[in-house]
Amino acid sequence: MIIGEPHTEKPIRWAMVGGGRGSQIGYVHRSAALRDRAFDLIAGAFDIDAKRGRDFGVELGVAADRCYPNYGALFAGEAARPDGIQAVSIATPNNTHFEIAKAALAHGLHVVCEKPLCFTVTEAEALQRLAGESGKVVGVTYGYAGHQMIEQARAMVAAGQLGDIRLVNMQFAHGFHNEAVEEKNPSTGPATCSATSARTRSILLRPSLPSSRSSGCSARARASSRAVRRSRTMRSH
Ligand SMILES: NC(=O)c1ccc[n+]([C@@H]2O[C@H](COP(=O)([O-])OP(=O)(O)OC[C@H]3O[C@@H](n4cnc5c(N)ncnc54)[C@H](O)[C@@H]3O)[C@@H](O)[C@H]2O)c1
């Protein structure tokens, strides 16, 4: 329940690995976790750069001696304290999640891990086994599973408003990450987005999408799809 009032007398003693200053998702974890005061942020290894992480942690109100230079020191240091952390959020780059989650479970911590939890089924099964053995919870932040747009789409499908679903095509245009991805693989660029968005929207959203509220991408998509139709028409004559 997001009400801003405490609903537990004993907030969970909590730390973060990653999510340092300027990171994209760190603030989201902190603001969500602290919103109903179920978590106390009391330790962390917030940054790949130890000094920057320490400065940032102190600014957040974490004691300097509990701002650790890396996750190994965090887990070991906190395990040695009677008031050590009970849970940790992992908000580091993808290729670090598995090792950090494994280490956290080995230290008896509950884990909230950014997506993706790991890269292979074998890794996932190893984490599942460790979590089972230690009786700890591992949660992955698939935030969009609870997004209103997804709920609306689900309700529309359930109500039969979209008929039989033959194709679901989703894209997530992701801010500054786009450019690096597009450089590596030009087929992910705006032109592709436009063409597929036009088809997707015509399948998924036609019943309720007023044209005045459509995005720039879908406007481009409609223009591009009109152009495709025009050129097909011209070719067929
Ligand atoms: N759930 C979502 O909707 C969502 C959205 C954005 C990002 N993410 C995920 O969150 C994770 C982080 O993404 P981001 O965009 O915030 O990255 P980012 O690069 O902006 O920030 C990463 C942070 O982790 C720190 N860091 C890196 N390696 C570290 C290590 N070994 N130990 C401690 N700190 C370390 C960096 O210094 C930085 O502060 C990624 O796995 C990404 O997939 C999820």
Practice prompt. Output the qualifying pairs, or none if there are none: Cβ atoms under 9 angstrom, residues six or more apart or on different chains, first residue in region 162-177 and modelled with pLDDT under 90, second residue within 16 Å of the ligand (Cβ to nearest atom) and assigned to a loop (DSSP other than H, G, I, E, B).
Written response: Gly175/Gln24; Phe176/Gln24; His177/Gln24
Discussion item. Pairs please, first residue from region 83-111 and at pLDDT 95 or above, second anywhere and of a type in the set (S, T, N, Q) and surrounded by fewer than 19 Cβ atoms within 10 Å (Cβ to Cβ), Cβ atoms under 6 Å, 6+ apart in sequence or on different chains.
Written reply: Leu105/Ser134; Gly108/Ser134
Response to the item:
Expected output for region 38-58 (first residue within 9 Å of the ligand (Cβ to nearest atom), partner acidic (Asp, Glu), Cβ below 6 Å, 6+ apart or cross-chain) is Gly53/Asp47
Fill in: region 138-161, residues that are more than 29 Å from Cys113 (Cβ to Cβ) and in contact (Cβ under 8 Å) with a residue 40 or more places away in the chain
Met156, Gln161
Discussion item. For region 83-93, check the following and say yes or no: at least one residue is among the β-branched types (Val, Ile, Thr), under 21 Å from Gly135 (Cβ atoms) and within 9 Å of the ligand (Cβ to nearest atom).
Written reply: yes
Fill in: Among residues of region 16-26, those that are over 22 Å from Arg81 (Cα atoms) and either touching a helix residue (DSSP H, G or I) at 6+ places or on another chain (Cβ under 7 Å) or more than 9 Å from the ligand (Cβ to nearest atom) (or both), counted
3
Discussion item. For a quick check of your reading: which helices (runs of 4 or more DSSP H) sit entirely within region 50-152 and have at least 3 residues that are closer than 24 Å to Ser23 by Cβ and over 24 Å from the mean Cα position of the chain (by Cα)?
Written reply: 50-60, 71-79
Response to the item:
Note on region 140-168: residues within 16 Å of the ligand (Cβ to nearest atom) and in contact with a Leu (Cβ under 9 Å, 6 or more places away or on another chain) are Val140
Practice prompt. Just give me the residues in region 61-75 being farther than 15 Å from Arg13 by Cα and more than 12 Å from the ligand (Cβ to nearest atom), in sequence order.
Written response: Ala64, Asp65
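The values are calculated or read from the model by the stated rules, or taken from the named source; none is laboratory data. No experiment lies behind these values; they were computed from the predicted model shown. Because the Cβ atoms are built from the backbone with ideal geometry, glycine has one as well, and the counts that use them run over all protein chains shown.
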